Every structure is written in structure tokens, then in C-alpha cells.
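Trainee: Provided herewith is a single structure, encoded as C-alpha cells, for subsequent inquiry.
The values are calculated or read from the model by the stated rules, or taken from the named source; none is laboratory data. Since this is a predicted model, take the numbers as computed values, not measurements. Glycine gets a Cβ as well: all are built from the backbone with ideal geometry, and neighbour counts include every protein chain shown. The accessibility values were calculated without ligands, DNA or RNA, using every heavy atom of the protein model including side chains. Shrake-Rupley method; radii C 1.70, N 1.55, O 1.52, S 1.80 Å.
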Amino acid sequence: MAEDYSYLGSGIVLIREWNTADPFLEVGNVSAYTVAPQANTIELADYQNPGGGTANRVDRVTGYNLSYTFHDFNPENFARATRGKASSIAAGTVTDELAVATKGSYVPLSRLASEITSVNPASGSTAYQAGRDYRFERGMLFIPAGSTITAPAPAGTPNVKVTYKNAELGHVEAAVTSQKFYEMQFYGANEARGGKMVRLVAHKVTGGVIESMGLIGNEFGAGTVPGALLKDASKATGPDKSAYFHLEQEK
């Protein structure tokens, strides 16, 4: 009786920039990791019989698509999938940042604040009163209708200076780099075969762009990144060695 090779997988995905000695980084919680061959079908019709049919057919592989869906919305994953750069902003204090405060409106700051220390007039030193003149909400200021803060004149002119604290922040500047290539490795367990190990090594993967960034929703956030496998000739060291990927599994 043939052995059962049913498959139900889970595991981790590692990634690093292609053709470097960088350490592999774990993408985190990944709910989908798929390699999909693409083919162009060429058919020769049977012209010898009135009933038609196919005399011959060739399926030419035109490429391999690779996509993954991550759920860890960390700066590195977002930077990789938005052609951006990730960095860290140290926890600290921002002193006397000029801002435009209008009654009934939020006042975004240059950083996501964790605490407001003081709010003063832009050209004065008499502090406004927290709760009455402003409130700390959602990492920024909110100016209530009963605030004593005077309207900016002319409109758009900074009328307050804000001192506040920020926690350590992860930061991503999107769309500032060109496409990169990556090496990816999947290490998984086949739960349908008692956890036997599975490994897929993708030699050169195009750095795809995230399909969408759902920041509000009724389900956990998911970022799907479509890409493709490219030929890495350095891996094709013999007639039986693939330039694209290889798969290993415990028997």
C-alpha cells in the first residue's frame, strides 16, 4: 500500500535580500505561502477528422508566481512590501513644536505623541490649560469649542507651540527605493503526516508590492504580497539543479 502524502501545512517564512550575506529575518505570522507555475498552452488541432479534436499539445512554463500573506504589521514587512525604508525613532521629548490649532479640530504633530507636557501661545509663555483649552487624544491634540486659544491669523499661521513626549516609534517611508530581489525559505510541518518537516527554498524572488493595507476592518489585518521567481543561474550548478527553487520533505 502506498504511503499517504496528504498535506496540511504550517510553518515560518524567512527572507533576506538576494545575493547578500545578510541574516535571514522571519516574516512572522504568515497565513498563506504559495508557488504557482504559469504555463502557455500551444495546441495543434486535428485537421484530419471532421469531428475536430487536438492532435498535439505543448504546455510551456512561462514562469513561477510566488505570493505570501503576512499578519505582523511591523515596519520591516511594510517597508519590504511598499518599496520603502524602515527606521526607528527613539523615545524622547519634542520641545516647542509650532502648530496650527483651530477650535473643534484635531492638531496632528510631527510625531505620534504619548504625552502632552505643555501648550503655549506661539509668541508667548503663558501655558494653556489642559482639559479646558486642549485635550490629548489619539496621539495628538484636540481643541474643544470652549478653548481660549485664539484663531490663527492669518489662517494657517502657527498659533501654538507644543511640548510633548513620544515613545519609541517604528517608522516607514514608502515608495523611496527601487524594486529589490529576495531569497526566501519556508520551513514547515505537515500536520497531515504527524508533523514531518517540509522545506522550500526560493532562490530569487521579485520584491512584490502589497495589494492593499487594510487599517480598519472587522478581521485581523492581512497583507498579501504577490511576486515571482526569477532565474538564478548561480544555483544551477548541474543538469539536475534548479535555478528557481527546490523542495525537501521528510519521508
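Trainee: Round to a whole number: what % of the accessible area of the stretch 1-62 belongs to carbon and sulfur, probe 1.4 Å? Don't jump to the answer; show the numbers that get you there.
Mentor: Numbers: 2380 of 4780 Å².
Of all accessible area on the stretch 1-62, carbon and sulfur atoms account for 50 percent.
Trainee: Still on this structure, please answer the following. Within 10 Å, count the other beta carbons around each residue, average over each peptide in 2-9, 62-69, and list them highest first.
Mentor: Numbers: 2-9: 9.1, 62-69: 17.2.
Those peptides, ordered most packed to least, come out 62-69, 2-9.
Trainee: Any chance you could check the Cα centroid distance between the stretch 55-75 and the stretch 88-111 for me, in angstrom?
Mentor: 44
Trainee: Expected output is a single nm value to one decimal: the length gained when fully extending between Glu211 and Ala153, i.e. 0.36 nm times separation in residues minus the C-alpha distance. What is it? All intermediate terms of the calculation are to be shown ahead of the outcome.
Mentor: Numbers: separation 58, 0.36 × 58 = 20.88 nm, distance 4.30 nm.
Here the answer is 16.6 nm.
Trainee: Still on this structure, please answer the following. Give me the percent of the accessible area of the stretch 122-251 that comes from carbon and sulfur atoms, probe 1.4 Å, all protein chains in place.
Mentor: That fraction is 54 percent.
Trainee: Of Ala90, Ala228, Ala151, which has the largest mean-square fluctuation in a 10 Å C-alpha GNM of the chain?
Mentor: So, out of Ala90, Ala228, Ala151, the one fluctuating most is Ala151.
Trainee: Follow-up. Solvent-accessible area per residue for the stretch 54-177 at a 1.4 Å probe radius, Å²? Walk me through the numbers before you get to the answer.
Mentor: Details: 6860 Å² over 124 residues.
Each residue of the stretch 54-177 exposes 55 Å² on average to a 1.4 Å probe.
Trainee: Among the lysines, select those whose C-alpha is under 20 Å from the C-alpha of Lys103, and discard any that sit fewer than 8 residues away in the same chain.
Mentor: Filter leaves Lys161.
Trainee: With labels modelled as points extended 7 Å from the Cα through the Cβ direction, what inter-label distance (nm, one decimal) is found for Asp46 paired with Thr126?
Mentor: Distance between label points: 9.7 nm.
Trainee: Using a Förster distance of 51 Å, how high is the FRET efficiency between Ala236 and Ala91, based on the Cβ-Cβ distance and rounded to 0.05? All intermediate terms of the calculation are to be shown ahead of the outcome.
Mentor: Values: r = 49 Å, r/R0 = 0.96.
Efficiency at R0 = 51 Å is approximately 0.55.
Trainee: Tell me, what is the FRET efficiency for Thr224 and Met1 to the nearest 0.05, using R0 = 35 angstrom and their Cβ-Cβ distance as r?
Mentor: Numbers: r = 39 Å, r/R0 = 1.13.
With a Förster radius of 35 Å, E is 0.35.
Trainee: Sticking with this one: D for the chain, whole µm²/s, Stokes-Einstein with Kirkwood Rh over alpha-carbon pairs at 4 °C and 1.567 mPa s: what number?
Mentor: On the way: Rh = 23.2 Å.
Answer from the Stokes-Einstein relation: 56 µm²/s.
Trainee: Let me ask another. Just report the Cα centroid separation between the stretch 140-197 and the stretch 1-53, whole Å.
Mentor: Spelled out, the Cα-based centre of one part sits 34 Å from the other.
Trainee: If each DSSP helix of 4+ residues adds -39,500 (n - 2.57) and the sum is divided by the residues in the chain, what number results at 222 nm, nearest 500 deg cm²/dmol? Mind dumping the intermediate values first?
Mentor: Details: 1 runs with 7 residues, N = 251.
Value at 222 nm, helices only, nearest 500: -500 deg cm²/dmol.
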